[in-house]
Amino acid sequence: MKNLFSNIKGDLFGGITAGIVALPLALAFGVSSGLGPSAGLYGAIFIAFFAALFGGTNTQISGPTAPMTAVSMVVIASILAVNDGDVNKALPAILTVFLLAGLIQIGLGLLGLGKYIRYIPYPVVSGFMTAIGVIILVTQILPSLGYYPKEDKQFVEQFKPQAEELILENILKEEAGEGILVLEDFKETIDRAEGITKADILKESKTLAGKEASGVLGTLKVLPRALKNINWLELLLALGTILIIYGFKRITTAVPSTLVALVVMTGISIGFGLNYRPIEEIPGGFPVPNMEIFTRFSISGIAPYIFTALTLALLGAIDSLLTSVVADNMTKTKHKPNKELVGQGIGNSIAAIFGGIPGAGATIRTVVNINSGGKTKLSGMISGVMLLIILLGLGPIASKIPAAVLAGILITVGIGVMDYKGLKAIPNLPKDMKLGPLKVSSEVIIMLVVLVLSTFWNLVYAVGIGLVIASLMFMKKIGDLTAHHSDVKSLKEEQWADEKDFPKELIEEVFIKHLKGPLFFGSTSDFLALSKQIPTTASHVIIRVDRMQYIDQSGLYALEDVLVDLEKNGITVLLVDVLDQPRYMMERIDIIPDLIPEEHIFDTFQECLEWVKQNVKDKN
C-alpha cells in the first residue's frame, strides 16, 4: 500500500490525462462494436481500474482497443443475427462470451502461459493488425457519409420477401417445437401468420439490410448507394474531425488531438444548432450488473462461440503484453506477464458483467500516462475513476456528440493501427519458397493470407489459419535444416576429429552415422533412408547421437523402424553418447534394451572404438 501512494502527484496527473485521452476512443469503440457508446465507456472504466489493480505492469492503462473491438464486432454481429437483430435479446449471450474470454485470460495467467505468448509469429500479428486497420477504416466510411442502410427505404424494401420467408420459417419452427403438425393443423399456421404486422416485416427487413451492409464486403456492396445519398453535413463533421486530429498534432502533443477534435466539432455542432445525427443516449447513473448473463445462461447458446472467446482472450493477452514491453522500455522496469494476464482477465470479466466491451493494455494511453508522471498502479485506477466521474457528471452532454465525429476518430485509429513496419519490409524479405515458377517470401505469404482472410472473411479463423500455415512452414524449414546438417555419409566421406585413428581394415565392416540436431517429425523421412544407404559389406553400424539433443515421438518410431530393419539384416547397432532426453524416450518404448542392449551403448567414441577392435573381424 505504501508503494501504491509513493508517487501520488504523478499518478494523479498521469491517470487523469490517460482517462481524458481514453474518453473519445472508448465512445468510438463502443459505437463501432454495435453495442453503443455506453458499452465502450463501461469497458474503459472497469478494465482500466481492475486490470491496473490486479495486473503485473505498474504503468499500464487498459481499456477497449482497436483489435479487441474488431473481434468483438464479429461476436456481436453473429449473435445479433441469431436473435433477429434485437440487441436486448442478444445482449446476455454477447456478454457471456466476453465474460468467458476474461475467465480464459485468468486461466492463462494462473497456468503460467504468459511467457509463451511472445512465440506467436510476427507475420501473423502484422497481417492481423493491418486487417484491423482496414476493417475499421472501411466500415466507418458509411457513417462518415451519413448513410445508414437501415434507414434507406428503397434498400430495405428489397429485403421484404426474404423477411416474410424468414418470419414464416420461424412460425413453422415454433409450431414444430410445440409439437404442432403443420400439415394437419394448417389453420394454426395461418392464424399466427395473420398476427404478423407490417411493422414486424419492416423490422425484419431492416435487420436483413443491416446484415447485408455489415463488414468490409457489405460496405463495398452498398457504397455506390451511399455515394448517391451523401449527407454533406455528416461528411463535413467527419472530415473536420480528421483534419483537427492530424493538424493539431503539428501544433502540440501536450493536449490529445483526439479530445480537441471531439470537443471542437461537438461544440460547433451544438453551438450552431446544426441538424446532425447524435450518438445513442448514454444512460445516467452508476452502471448496474447485467444479471441475465447468469439467469439466462445456457451451454448450447455459447458453445458456437467458445473458439471466438479463446481468440479474444489470446488477442487481449498479446495486445496487453506488447504494451507491457513498451512500458518496460520507457520505465526501465520489468512486468510480470502471468500476473498481467490475471489482471486483464479480471478487468474483462467485471466489464462484461456490467455490459462493457472487452479490452486490453492500450499503448497510446500507457505512453501518455508515463509521460505525464504515472509510475504505480494507482495511475491506471485513477484513469478508470476519471471516466466514471465523466459518465456520472457529463453523460447527458456526451450523448450529444455527433456520430460522424466518432466515425472520423475511428478512421484515424484505423489508419494508425496498421503495421506499416511490416508492409515496408515486404520487398526486402528473403524469397525462400516457390509458388509454381515464382519465388516468394513465406513470411509475406503468411502476412497476406491473414490480411486478406481477416479483411474479407473472418478475423478469428484467419488468425487460426495463419498460425497453422506459419507452424507448417517453420516445421519444413527446421526439417530442411536438420536434413541438411545430418546427411547420411560414410566414414570415407566425412570424419570427425576423433575418428581419424579408426582402423582402415574395418571401414568396409563398420558404417558410421552422425546425427546432428533434433530427430523429429520434420526429419524422419531422411533418417528412414539410412538402412538403404548402408554398404552391403557392413556388419556393424555406429550411430553417434551426442549432437542429437531431442527426439520426438515421430523420430522415436522412425528410429525403431530402422533398428528393426537392421536387426533383420543381421547388423549390430552401437550407440555413442546418448543424451538424457533421447535415452529417456528410447527406454519408454524399450528400444533400450530390447533392440540395443546396454553393452552396445558407449559414453565416448574411444570406448566404442576399443569394443570394435576387439569384436569386429576384417572379412573384406
| Taking helices (runs of 4 or more DSSP H) that do not extend beyond segment 123-218, which have at least 1 residues that are among the polar types (S, T, N, Q), exposed (fewer than 15 other Cβ atoms within 10 Å of the Cβ) and in contact with a helix residue (DSSP H, G or I) (Cβ under 9 Å, 6 or more places away or on another chain)? | 153-157, 160-177
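Which one of these is without any contact (Cβ under 8 Å) to a residue 24 or more places away in the chain and either touching a strand residue (DSSP E or B) at 6+ places or on another chain (Cβ under 8 Å) or within 30 Å of LEU168 (Cα to Cα) (or both): GLU194, GLU204? Even if it seems obvious, please write down each step before you answer.
Details: GLU204 fails: without any contact (Cβ under 8 Å) to a residue 24 or more places away in the chain.
Of GLU194, GLU204, the one residue that is without any contact (Cβ under 8 Å) to a residue 24 or more places away in the chain and either touching a strand residue (DSSP E or B) at 6+ places or on another chain (Cβ under 8 Å) or within 30 Å of LEU168 (Cα to Cα) (or both) is GLU194.
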| message | Any residue at all in segment 261-281 that's closer than 30 Å to SER144 by Cα, free of Cβ contacts under 8 Å to residues at least 60 places away in the same chain, assigned to a helix (DSSP H, G or I) and in contact with a helix residue (DSSP H, G or I) (Cβ under 8 Å, 6 or more places away or on another chain)? | response | yes
| message | Any residue that is of a type in the set (A, V, I, L, M, F, W, C), over 42 Å from the mean Cα position of the chain (by Cα) and modelled with pLDDT under 90 - is there at least one of those in segment 572-590? | response | no
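Going by what's in this entry, would THR69 be described as polar (S, T, N, Q), crowded, with 24+ Cβ neighbours inside 10 Å and in contact with an Asp or Glu (Cβ under 6 Å, 6 or more places away or on another chain)? If you could, list the steps in order and put the result at the bottom.
Values: polar (S, T, N, Q): yes; crowded, with 24+ Cβ neighbours inside 10 Å: yes; in contact with an Asp or Glu (Cβ under 6 Å, 6 or more places away or on another chain): no.
Against the criterion (polar (S, T, N, Q), crowded, with 24+ Cβ neighbours inside 10 Å and in contact with an Asp or Glu (Cβ under 6 Å, 6 or more places away or on another chain)), THR69 does not qualify.
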| message | Can you name every one of the helices (runs of 4 or more DSSP H) wholly within segment 508-580 that holds 2 or more residues which are among the acidic types (Asp, Glu) and without any contact (Cβ under 8 Å) to a residue 60 or more places away in the chain? | response | 553-568
| query | What are the residue pairs meeting all of these: first residue in segment 340-363, first residue touching a residue at least 24 places away in the same chain (Cβ under 8 Å), second residue among the acidic types (Asp, Glu), Cβ atoms under 9 Å, and 6 or more apart or on different chains? | reply | GLN344/ASP319; GLY359/ASP319; ALA360/ASP319; GLY361/ASP319; GLY361/GLU340; ALA362/ASP319; THR363/ASP319
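The values are calculated or read from the model by the stated rules, or taken from the named source; none is laboratory data. This structure is a prediction, so every number in the text was calculated from the model and none was measured. For neighbour counting, all protein chains shown are included, and Cβ atoms are generated from backbone atoms with ideal geometry for every residue, glycine included.
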